[in-house]
2 protein chains.
Amino acid sequence: MNTLELIQKNLNAFSKSERKVAEVIIASPQISIRSSIATLAKMAEVSEPTVNRFCRRLDTKGFPDFKLHLAQSLVKGTPYVNRNVDEHDGAEAYTAKIFESTMACLNGAKNTLDTTLVNRAVDVLTQAKKISFFGLGASSSVAHDALNKFFRFNIPICCFDDILMQKMSCINSSEGDVVVFISHTGRTKALVEVARIARENNAFVIALTALNSPLAKESNLVLSMSVPEDTDIYMPMASRIAQLVLIDVLATGFTLRRGSKFRENLKRVKKGITDSRFDLCDL
Amino acid sequence: MNTLELIQKNLNAFSKSERKVAEVIIASPQISIRSSIATLAKMAEVSEPTVNRFCRRLDTKGFPDFKLHLAQSLVKGTPYVNRNVDEHDGAEAYTAKIFESTMACLNGAKNTLDTTLVNRAVDVLTQAKKISFFGLGASSSVAHDALNKFFRFNIPICCFDDILMQKMSCINSSEGDVVVFISHTGRTKALVEVARIARENNAFVIALTALNSPLAKESNLVLSMSVPEDTDIYMPMASRIAQLVLIDVLATGFTLRRGSKFRENLKRVKKGITDSRFDLCDL
DNA sequence: AAGTTTAATGTAACTTTATTACACGAACGA
DNA sequence: TCGTTCGTGTAATAAAGTTACATTAAACTT
């Protein structure tokens, strides 16, 4: 377990002074590993032995040993930890926090994603007669993004925000069609119903959603990622970002599976777009 | 450059005693990073200052600093680097690469984003009579996402994919309106023209785009982030993700600026959504 | 609610660790 | 051969980390 994450997780288990130390370290781990125990103690406004006790509580032999662990975890794992935005944060502070939280989130998502299932999903997608992407609310922009990506592959594809259009589309689906549903919670009633209809019409249902959710139960294949819930009102839904990256992953897998001739095509599409742009020399 | 490799490579450049130190470290680096300078000196059968000099020769401040560098280099795998997907990658490999590249990208974006400008943008947005979000192609899903976020703030807001609708909307704009344009390259002709129209009608133009691009030149305020260009056809546009996070940042800044009463409202909206969901006990 | 106990924290003495200053001796060149 | 330079070690010094203990705050008991 990553030392920095460990500190973050145990924040509540620490005593008042120890928490001060923890906060200083989380705020600037890179500085911490270069500081002496005296400097760190001063930064956290506690005494040196408190810092030492803090280190021991984290199962290290002492301060130098702790620094070693921290230094290694800064390389290995995420240097970033989910930090909530505070009411009094300035632009610099909240910008950093949001970027870092998002990165921490992606790291978590990556580690909990089952790549065997990714592989199966890619299998199914490459063999699809038609692919549909459906999401509602915040997830609808993820569906749009997926449309944009898969559209370039020149295969029958569709994407609707509208729940009725989604239903109609599913009613018309048949064997060989694949429907991808996107929902963070997997508990949006309307969407779950659409998924059921898709299944009833022999479509293959892939869900980017939470494990064991109602939506997951209606699906043939569930791609889930554990992403911390957005308990904080300031905190934007990083889950959405993780879903987008997952779409990237699926699109990439798709491209790879299709072989080299297919990739030549892609280059042509990309080149086609540049014609609607100013030349680089216009810069 | 990896410290251990560096030692290995420079073996011949060291003096006799220093080489002894180098050999001991190469033989058991894990032990070395946990030893004191005295222990290491004894292991190498040299004096302590020799070890110290050895450390300085490797451009470190001293023994503790050297240990830090060594410790970090001993950790395998560099996580946050942009690694291109390879034709022969399996699902696990490309999944990891894409997630990690995206994180690397976000990190880069974070570091190149000017928070002073973020602050100004938030200023402008909070005072806007109406806010519009426009993007084309891949950026249109970013615009949608922005709509979804800012919509909750209960202010006049709009978002169009259609270039004609965008134009019409801009022609009708007036003093106090803010239009946010989203474009990775900033060179999409159609969008640049819309921006010009917006400006001509006294709207305040914010662009999430590349510095010095034609779009940037038509804008009152440019939020740019340096994100590696997607040279690789496999590699999905991580720039899009960075833009989404930037939207998150702006939305958060907006929320903070509006004060605590406003945030109470947001909680209500959030609660309102849950009614269209299955209860948690349905899980 | 007061007293007792326990946990948390800081002070100061002490130990360990690292660095510096300097001296000695070998290698090299004139 | 002498002087210089470079490498090395010894010893002194400084810095960092740890321990023991005293003090204070918190919690629990009666």
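The values are calculated or read from the model by the stated rules, or taken from the named source; none is laboratory data. This one's a predicted model, so the numbers in the text were calculated from it and none came from an experiment. Reconstructed Cβ throughout: ideal geometry from the backbone, glycine too, with neighbour counts over all protein chains shown. Quick note on the areas: whole protein, heavy atoms, side chains included, nothing else; ligands and nucleic acids left out. Shrake-Rupley method; radii C 1.70, N 1.55, O 1.52, S 1.80 Å.
Here are some notes:
- Remark: the A:Ala93-A:Ser47 segment gains 13.8 nm on full extension, using 0.36 nm per residue and subtracting the alpha carbon distance.
- Calculated label separations, A:Arg196, copies of the chain, 7 Å along the beta-carbon direction, nm: 5.5
- Kirkwood hydrodynamic radius over Cα pairs of segment B:176-222, then Stokes diffusion coefficient at 4 °C and 1.567 mPa s, in µm²/s: 130
- Compared with the direct C-alpha span, the chain from B:Ile163 to B:Asp86 gains 24.0 nm at full extension, assuming 0.36 nm per residue.
- Evaluated over segment B:28-122, the Cα radius of gyration and Dmax, each in Å: 20.8, 63
- Computed FRET value (nearest 0.05) for B:Glu175 with B:Arg257, which takes r as the C-beta separation and R₀ as 22 Å: 0.60
- Extension gain for A:Glu200-A:Phe151 works out to 15.0 nm (0.36 nm per residue, less the C-alpha to C-alpha distance).
- Here the simple spin-label model places points 7 Å from the Cα toward Cβ, and for A:Ala27 and B:Lys9 these points are separated by 3.8 nm.
- Residue by residue along A:141-154, Cβ atoms of other protein chains within 10 Å of the local Cβ number 4 on average.
- Charge dipole (debye, nearest 20) of segment B:159-202; +1 at Cβ of Lys and Arg, -1 at Cβ of Asp and Glu: 220
- Long-range amide H partners of B:Cys158 with built H, under 5 Å: B:Ile131, B:Ser132, B:Phe133
- Relative to the other identical copies, A:Gly137 shows label-point distances of 3.2 nm, where the label point lies 7 Å from Cα along the Cβ direction and values run shortest first.
- Calculated diffusion of segment B:104-230, Stokes-Einstein form, Kirkwood radius summed over Cα pairs, 4 °C and 1.567 mPa s, µm²/s: 90
- Rounded to the nearest 10 Å², the accessible area of B:Ser17 at probe 1.4 Å: 40
- Distribution of pairwise C-alpha distances over segment A:3-79, 5 Å bins, in %: 3, 18, 33, 31, 14, 2
- Nearest-first distances (nm) between copies at A:Ser47, label 7 Å from Cα via Cβ: 3.9
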